[in-house]
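Asks: One structure follows; several queries about it will come next.
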Amino acid sequence: MTESPGGSANVPSRDRRRFPGISSRSYEHPADRSALVALRKLSGFDTVFKTLSGLLPERSLRLLFLSDSVRVGEQQFAHLNDMLRDACYILDLEKVPPMYVNQDPQPNAMCIGLDEPIIVVTTGLVELLDEEEMRAVIGHEVGHALSGHAVYRTILLFLTNLATKVAWIPLGNVAIMAIVTALREWFRKSELSADRAGLLVGQDLQASMRGLMKLAGGNHLHEMNVDAFLKQAEEYEAGGDLRDSVLKILNLLPRSHPFTTVRAAELKKWAASRDYQRIMDGHYPRRDEDKDTSVSDSFRDSAAHYADSVRNSKDPLMGLVRDIAGGAGDLGGKLRDTVFRGGARPDGSGGGKGSNGSGGADGPEAS
């Protein structure tokens, strides 16, 4: 932050668009937004939720960071303090959350807290990213704060830790893990929302892309290429058969974050959208309109998003869903061909085009 010529206000250190009164609805992923709007419409939900979560050691957590991490400010990590204040200024977050740097070689950042959010970044992340990449990450975390994600993230962390402690109790771990799985699914969507907030703060798509690449491949930019990285996301989505689709789901379930290539592809797609351009032009939902938000409209947006995802997805499982919805004539045959594409079928025949007698000569018998 720098002082303006008149000395009356602090402004971002370089010229970036600011979004006065912006609502988090403007950048939230449809699946994330529909869940949050529904929760906010429940009278007293947050109060009840926090009351039921009274056993969470939030005060202990704050004291832990205060005593064993470095608090960002004008005298400590001043450049991070400037980025934090910039991000809050751009997204018009009135109260700047406290931020800490924690000694940990693993690159990571989080926004946690029940009553008030706090932001934590690791030394591994600070050492990995350049200034513009770090600015996008801090904007990402400020986006979490503006969206009210911190409380649910804190509970997710607590329950994940609790699950390991009650694993020996019959059915106890099963019940907790069911909640953890549901929270992880929501949080993965919230990460896509926060990536968008990071782009609104940094206003540099290439920096956001570089930061995600570094999270995947480390500090070797001279060995990496954004376009090639994005092609990995295309290959991941379209490659394989139904077995691979199932493996993708199983790989994703334990994670709190989406896969990095997928995040990069999603962010680039949003940056090219009309929604992003409208925000940059100053046309976006305001916070003072949040109370009038329609829950049904939000769910309708979410449903439209999922329908569009299924329609445009190259994933084999989504292709099968389209065939089911479209009433495919030979669904059993298509399922068999998709699952065993390129391999042997249960009856011993090959996976070639003419091996089922439907076209061309029969292939050779399997030994």
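The values are calculated or read from the model by the stated rules, or taken from the named source; none is laboratory data. Nothing here was measured: the structure is a model prediction, and the numbers come from that model. Counting neighbours? That spans all protein chains shown, and the Cβs are built from the backbone with ideal geometry, glycine included. Each accessible area value is taken on the protein alone, full model and side chains, heavy atoms only, with ligands, DNA and RNA left out. Shrake-Rupley method; radii C 1.70, N 1.55, O 1.52, S 1.80 Å.
Asks: Does Arg263 meet the test of being open to solvent by less than 30 Å² (accessible area, probe 1.4 Å), part of a helix (DSSP H, G or I) and modelled with pLDDT of 90 or more?
Replies: Values: open to solvent by less than 30 Å² (accessible area, probe 1.4 Å): yes; part of a helix (DSSP H, G or I): yes; modelled with pLDDT of 90 or more: yes.
It is true that Arg263 is open to solvent by less than 30 Å² (accessible area, probe 1.4 Å), part of a helix (DSSP H, G or I) and modelled with pLDDT of 90 or more.
Asks: Also, quick follow-up: For Glu235, work out the one condition from (1) touching a Leu at 6+ places or on another chain (Cβ under 8 Å); (2) surrounded by fewer than 22 Cβ atoms within 10 Å (Cβ to Cβ) it doesn't fulfil.
Replies: (1)
Asks: Out of the residues in region 119-134 that are open to solvent by 10 Å² or more (accessible area, probe 1.4 Å) and in contact with a helix residue (DSSP H, G or I) (Cβ under 6 Å, 6 or more places away or on another chain), which is nearest to Pro105 (Cα to Cα)?
Replies: It comes out as Leu128.
Asks: If Ser13 passes every condition in (1) modelled with pLDDT of 95 or more; (2) under 26 Å from Asp130 (Cα atoms); (3) of a type in the set (Gly, Ala, Ser) but one, which one does it miss?
Replies: (1)
Asks: Then there's this: Kindly list the number of the only condition in (1) open to solvent by 10 Å² or more (accessible area, probe 1.4 Å); (2) part of a helix (DSSP H, G or I) that fails for Asn219.
Replies: Unmet condition: (2).
Asks: Specify which of the listed residues (Asp86, Asp104, Asp115, Asp68) is crowded, with 20+ Cβ neighbours inside 10 Å and acidic (Asp, Glu). Even if it seems obvious, please write down each step before you answer.
Replies: Numbers: Asp104 fails: crowded, with 20+ Cβ neighbours inside 10 Å; Asp115 fails: crowded, with 20+ Cβ neighbours inside 10 Å; Asp68 fails: crowded, with 20+ Cβ neighbours inside 10 Å.
Testing whether each residue is crowded, with 20+ Cβ neighbours inside 10 Å and acidic (Asp, Glu) leaves just Asp86.
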